[in-house]
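Everything on this sheet refers to the single structure shown next.
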Amino acid sequence: MTHKTPEAPPYPKSHILAASGVAALLSLALLVFPSREVEAQKTFIELDLGNEAELVLQEKDDLRQKQLPQELSSPFARIEQPSDSVANAAPAQSTEPASLDTIEAPTPTPQPNHHSITVSSGDTLSTVFSKVGLNANDLHQALNSSKQAKQFGRLQVGQVLDFELDKEGKLKQLQTRLSDLETIRLVRDDKGFDFQSEQIKPEVVTRYSHGVINSSLFLSAKRAGLSHNLTMELANIFGYDIDFAMDIREGDEFEAIYEEKVVNGKSVGTGNILSARFTNRGKTYTAVRYTSKQGTTSYYNANGESMRKAFIRTPVDFARISSRFSTGRKHPILNKIRAHKGVDYAAPRGTPIKAAGDGRVTLAGRNGGYGNTVIIQHGQRYRTLYAHMQGFAKGIRNGVNVKQGQIIGYIGTTGLSTGPHLHYEFQVNGVHVDPLSQKLPMADPIAASEKKRFMQLSKPLMARMDQEKATLLAANRQQ
Ligand SMILES: [Zn+2]
């Protein structure tokens, strides 16, 4: 019996888009049916790794929506107006400035002049103000009292605003929590309102994470409990040695010790990766974060050699190589044999393109068949070119300096191009070379004078990863 395949569409150039669509659907399936993960992942291996950055972002959006409170229009949100509000507004006799005590006192017990309003969908600051009996004038006065006060105008559904009114029903104090780490407040004073911001310093703890890749770094990292940001950082740290578009294999392994920010026992975010290890196709790379005595921070391998190179390997994260460097190939549009003097990276439209190294932009504009193009000169010897961009990043124009990794534009298909991709060229002394075969020059290692200090940091971190991994593997064996 033969396996019946669905009709194969005759796609010459739209296959990239088709694949990304399938991947997107799969990712949705993963969200909804976590138990199908294993099954779905098999399909992922056949697809490229290119679309997951986008997918993870989608998931984050999804989570954000799920976290929003559902019952915002509950009657509790409605607060009765104080009976003696505007009607008998007696001339204010006591204009005492708010005392510090009232500012700092948490107000869990309901007070007659305290109103807690939870922002519902469709609310504006104006509708919220009217719920506590304040008018457009009050709103204007509060919102325009300072530049920072404008933050009160950016409301999120579910956000809570705490109003403190005086006996006449006038606004005395307004407070809201922007995040687990920041509360802002307006307190009436002689002149108008005083803006205050209370920052909570989280406790920083270190965590260990370990994962084995069986389809993509993103899925495995997620399973290992790493946030999207940490996964991106991990990819950046090893990005000089490992090409995440080409080199990742099933069975590759990663470990990281990273910072986690905690407030009242609750995680409120992650900080830096302090050390990491990545085993790619049997070869293990190490990374240690180190801040020099002069205050510059960089990642070095466990022996203190820089991980940074003068150029990054791939100017687009998680893209797929769709065409390699060659001295002769058939051009897809011109249909003639032509040298391909660069590497093509296929990725969804709008994917950011990064400067491969520090340098100066010598061209940012239309360039014939290359479409929207950026050329960067790196010192005397090197030049890189990025073509077919959808558009340029903000501030990218002729003559500006760019930093390595800085976003210079976005994937598009301008000029002579059959689909969204980056055409990337690398020149050494004016000669085109294959960027994939180039041995890239290294940045400087740890200064000799700081080697001892570095090793004092590096050794315990490596030892801790050894130990944590051994413990984890032993625990897994017992299950
Ligand atoms: Zn090309």
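The values are calculated or read from the model by the stated rules, or taken from the named source; none is laboratory data. Because the structure is a prediction, the values reported are computed rather than measured. Here the Cβ is made from the backbone with ideal geometry for all residues, glycine too, and neighbour counts use every protein chain on show.
Table for the structure above
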| read-out | value |
| --- | --- |
| Answer from Ile411, Ile446, Ile376 - the residue that is within 13 Å of the ligand (Cβ to nearest atom) and among the β-branched types (Val, Ile, Thr) | Ile411 |
| Every pair of residues 6+ apart whose Cβ atoms lie under 6 Å, when the first sits in region 272-289 and is on the phi > 0 side of the Ramachandran plot while the second is of a type outside the set (Asp, Glu) | Arg281/Arg249 |
| Single residue of region 171-183 satisfying the filter (of a type in the set (A, V, I, L, M, F, W, C) and at pLDDT below 95) that is farthest from Gln156 (Cα to Cα) | Leu171 |
| Residue that is surrounded by the fewest Cβ atoms within 10 Å (Cβ to Cβ), among those in region 398-411 that are part of a strand (DSSP E or B) and under 21 Å from the mean Cα position of the chain (by Cα) | Ile407 |
| Test: residue in region 419-429 that is in a loop (DSSP other than H, G, I, E, B), more than 16 Å from the ligand (Cβ to nearest atom) and either aromatic (Phe, Trp, Tyr) or not assigned by TED's automatic domain parsing to the domain that holds Ile257 (or both) | yes |
| Test: residue in region 319-342 that is touching a residue at least 40 places away in the same chain (Cβ under 8 Å), away from the ligand (no atom under 16 Å from the Cβ) and not in a loop (DSSP other than H, G, I, E, B) | no |
| Options Arg289, Arg360, Arg313: the member that is out of contact with any Lys or Arg (no Cβ under 7 Å at 6 or more places or on another chain), away from the ligand (no atom under 16 Å from the Cβ) and part of a loop (DSSP other than H, G, I, E, B) | Arg313 |
| Answer from Gly369, Gly365, Gly395, Gly391 - the residue that is in the same structural domain as Asn429 (by TED's automatic domain parsing), surrounded by fewer than 17 Cβ atoms within 10 Å (Cβ to Cβ) and either within 15 Å of the ligand (Cβ to nearest atom) or within 16 Å of Gly342 (Cα to Cα) (or both) | Gly369 |
| Test for Gln478: is it more than 16 Å from the ligand (Cβ to nearest atom), surrounded by 11 or more Cβ atoms within 10 Å (Cβ to Cβ) and free of Cβ contacts under 8 Å to residues at least 60 places away in the same chain | no |
| Region 423-434 residues that are in contact (Cβ under 8 Å) with a residue 60 or more places away in the chain, paired with ones that are basic (Lys, Arg) (beta carbon under 6 Å, 6 or more apart) | Glu425/Lys341; His432/Lys341 |
| Filter result (free of Cβ contacts under 8 Å to residues at least 24 places away in the same chain and surrounded by 15 or more Cβ atoms within 10 Å (Cβ to Cβ)) within region 140-168 | Leu143 |
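To keep it simple, each residue is scored yes or no on (1) free of Cβ contacts under 8 Å to residues at least 40 places away in the same chain; (2) surrounded by fewer than 18 Cβ atoms within 10 Å (Cβ to Cβ); (3) of a type in the set (S, T, N, Q); (4) not assigned by TED's automatic domain parsing to the domain that holds Met462.
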| site | (1), (2), (3), (4) |
| --- | --- |
| Val212 | no, yes, no, no |
| Ser215 | no, no, yes, no |
| Leu219 | no, no, no, no |
| Arg223 | yes, yes, no, no |
| Leu226 | yes, no, no, no |
| Ile237 | no, no, no, no |
| Asp241 | no, yes, no, no |
